[in-house]
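Before any comments, here is the structure.
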Amino acid sequence: MKDCPFCNIPERDIIHENGLALCFLDRYPVTEGHSLIIPKRHVSGHFQATPNEVSAIMELAELRKRSLLEEFSDITGFNIGTNCGRSAGQTVFHLHWHLIPRRDGDIEDPRGGVRGVIPVKRIYP
Ligand code: AMP
Ligand code: ZN
């Protein structure tokens, strides 16, 4: 799609690629190495993707996890996830999975991780 940033990722920015998906760095990273994995086909969100596209995305998530661990010796965890719909926080409507490297101590108390989409609910009792 002409106006979609993810349909127009420059070739030089692609880190990993397979038949149906590709991986590149997030332009506004949450942490160093924050990567996005998308299907090549323009679909708005996770539930619009085919099983083969989901599988291609997960294959690249695994590859990118490995390349990040080779590049950065200080990575100790990851958050992985995708926002589906404006109410869930999605801002670019071409499906993308976030792969966010985490390092011990990057925030004071990381408990709850992705539960932090509703910040006051991140830490459960
Ligand atoms: P979301 O809010 O889940 O839709 O995430 C969109 C993500 O895309 C954000 O993390 C942005 O930093 C990232 N982003 C937006 N535009 C670009 C771009 N042109 N290239 C790479 N990443 C982008
Ligand atoms: Zn697109």
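Details
- Proximal aspartates and glutamates relative to Lys121, as straight alpha-carbon distance under 15 Å, when same-chain residues fewer than 8 apart are discounted: Asp109
- Counted over the chain with a bin width of 10 Å, the fraction of Cα pairs per bin, in whole percents, is 12, 42, 34, 11, 1.
- Spatially proximal lysines relative to Lys40 (Cα-Cα < 29 Å; intrachain offsets below 8 disregarded): Lys2, Lys65
- Rolling a 1.4 angstrom probe over the stretch 34-125 with all protein chains present gives an accessible area of which 56% lies on carbon and sulfur atoms.
- Residue-normalised accessible area of the chain, expressed per residue, 1.4 Å probe, Å²: 64 Å²
- Label-point separation, Cys84 to Lys40 (7 Å along Cα→Cβ), nm: 2.5 nm
- Highest to lowest packing among 31-37, 65-71, 99-105, scored as the average C-beta count within 10 Å: 31-37, 99-105, 65-71
- Computed from Cα atoms, the angle from the helix 51-71 axis to the main principal axis of the chain rounds to 60 degrees.
- The calculated pair-distance distribution of the stretch 52-125 uses every alpha carbon pair, bins of 5 angstrom beginning at 0, and gives 3, 13, 20, 21, 20, 16, 7, 1 percent.
- By the beta carbon rule, with partners counted only under 4.7 Å, the chain holds these lone Cys residues: Cys23, Cys84.
The values are calculated or read from the model by the stated rules, or taken from the named source; none is laboratory data. Just so it is clear, the structure is predicted and the values come from calculations on it, not from any experiment. Cβ: placed from backbone, ideal geometry, glycine included. Neighbour counts: every protein chain shown. Calculation scope for accessible area: heavy atoms of the full protein, side chains included, ligands and nucleic acids excluded. Shrake-Rupley method; radii C 1.70, N 1.55, O 1.52, S 1.80 Å.
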